[in-house]
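Structure, as structure tokens:
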Amino acid sequence: MIDPVIERPRLTRYARGGGCACKIPPGELEQLVAQVSNRVGPAVDPVAPLLVGLDGGGDDAAVVELDEQRALVTTADFFSPVVDDPYDWGRIAAANALSDVYAMGGRPLTAVNLLGWPRESLPMELAAEVLAGGASVAHSAGCHVAGGHSVDDAEPKYGMSVVGLVDPHRMLRADAAKPGLPLTLTKPLGIGVLNTMHKATGVVFAEAVDTMATLNRDASAAAVATGVRAATDVTGFGLLGHLHKLARASEVTAVIDRSAVPFLDDARAAAEDGHVSGGSRRNLEWVTPHVDFGGTGELDRLLLADAQTSGGLLVVGELPGYPIIGETTGFSGHSIIIR
């Protein structure tokens, strides 16, 4: 449950946001990407064909084809501190970056570090702990960590750029959902509100830390093995935001049974105490026009839009051992219906 606070420099005090809650809001990001896409054409004489890119509907990584059996997955993800413990922050950031590869059904091969550090205000020994935490998780995934890039920054930031492999015929993508399939969520929600409470109070929620540091490797492998073709990971845009993007890209409606959605212990209490990030509120504002909430109250809406950091996979299909939270249907005018 709750561990006692350990006295040491509080990394979250150096960050305006924290974890994936510090992402640019989804609506603003889509406008930004559209402006770039409208001005810049495709690559000239590319070495390999692009299978998944900006026009795929919001997938978690780019994919280029190498041959009939192999495609290269590439991604980058970094963020400001989500917890105060530097080693745990490194573990969480690495698991989050690797998740983009797993969300495509791939296996990570190599990673390089991305580090911003306020070297005049925080000891470099803490940066070493962050890097060690990241390497420990990447190595447990069978992924090499080889170098990277660092800058002197007013706000600490850490993450990884990751390259992986995927079978192009068994790849998971956001625009491949079909009607009539169950929706499976592989990690509980509530990470965002607990991280917000941690930043405000210093209280450490061990369950949230363990959840964020857990790899999505096993869930990804199970999805590929069972023939799933559509999935995404649930991170900064919350369950509703990422599900909206998937449903929109696949032209289906997702029906969510809110009583079946799992949450971390203490998450509801943290939300009731007001520990809801600005990112979660922006998520809810963005998806509201596309969701039929029925009788869902404001607190439940915020929890379903809660900005996750290193959350689970949202899989269109059934995975043994993981909770089914709803199903897909033909498009009904809303991308999501909550019952």
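Rule-based calculations on the coordinates, nothing more; no lab input. In this text, all values refer to a predicted model and were calculated from it rather than measured experimentally. So basically every Cβ, Gly included, is an ideal-geometry build from the backbone, and we count neighbours across all protein chains shown.
Some notes on this structure:
- Top of ARG39, ARG229, ARG170 by mean-square fluctuation, Gaussian network on the chain, Cα under 10 Å: ARG39
- Most to least packed among 64-72, 216-224 [average Cβ atoms within 10 Å]: 216-224, 64-72
- Extension gain from HIS139 to GLU251, taking 0.36 nm per residue of separation minus the Cα-Cα distance: 36.5 nm
- A crude spin-label estimate for the pair LEU54 and GLU125, with each label 7 Å from Cα along the Cβ direction, gives 4.5 nm.
- Sorted ascending by nearby beta carbons within 10 Å, beginning with the fewest, THR288, THR235, THR74, THR214 become THR288, THR74, THR214, THR235.
- Furthest towards positive pole of dipole, PRO289, LEU314, LEU122, structure part the chain, Cβ charges: PRO289
- Top positive-direction residue, dipole computed over the chain with Cβ charges, set LEU185, ILE92, PRO156: LEU185
- Around the amide H of ALA230, modelled in the peptide plane, lie the amide H atoms of ARG173, VAL316, all under 5 Å away and 5 or more residues distant in sequence or on another chain.
- FRET E, pair VAL33, ASP218, Förster distance 45 Å, beta-carbon r, rounded to 0.05: 0.90
- Value at 222 nm in deg cm²/dmol, rounded to 500, when DSSP H runs of n ≥ 4 in the chain each add -39,500 (n - 2.57): -10000 deg cm²/dmol
- Expressed as a fraction of 2.2 N^0.38 Å, the C-alpha radius of gyration for the chain is 0.95.
- Inter-probe distance in nm under a simple model that places probes 7 Å from Cα toward Cβ, at SER259 and THR201: 2.9 nm
- Taking every DSSP bridge with both residues inside the range 10-166, close to 75 percent are antiparallel.
- Top of VAL52, VAL40, VAL130 by mean-square fluctuation, Gaussian network on the chain, Cα under 10 Å: VAL40
- R0 of 35 Å, Cβ-Cβ distance GLU65-GLU318: FRET efficiency to nearest 0.05: 0.75
- Here the chain is treated with +1 on each Lys and Arg Cβ and -1 on each Asp and Glu Cβ, and its dipole about the Cα centre works out to around 300 debye.
- Estimated dipole of the range 182-338 in Debye, rounded to 20 [Cβ of Lys and Arg +1, of Asp and Glu -1, Cα centre]: 420 debye
- For the range 320-335, Karplus couplings with θ = phi - 60° (6.51, -1.76, 1.60), whole Hz, Gly/Pro x: x, x, 10, x, 8, 10, x, 7, 9, 9, x, 4, 10, x, 10, 6
- Sorted by Cβ neighbour density within 10 Å, fewest at the top, the residues THR328, THR201: THR201, THR328
- Straight-distance crosslink candidates among aspartates and glutamates, where the alpha carbon sits under 17 Å from LYS245 and sequence neighbours closer than 8 are dropped: GLU28, GLU30, ASP55, ASP59, ASP60, ASP100, ASP175, ASP233, GLU285, ASP292, ASP306, GLU327
- The spacing between the range 255-312 and the range 133-209, judged by their C-alpha centroids, is 19 Å.
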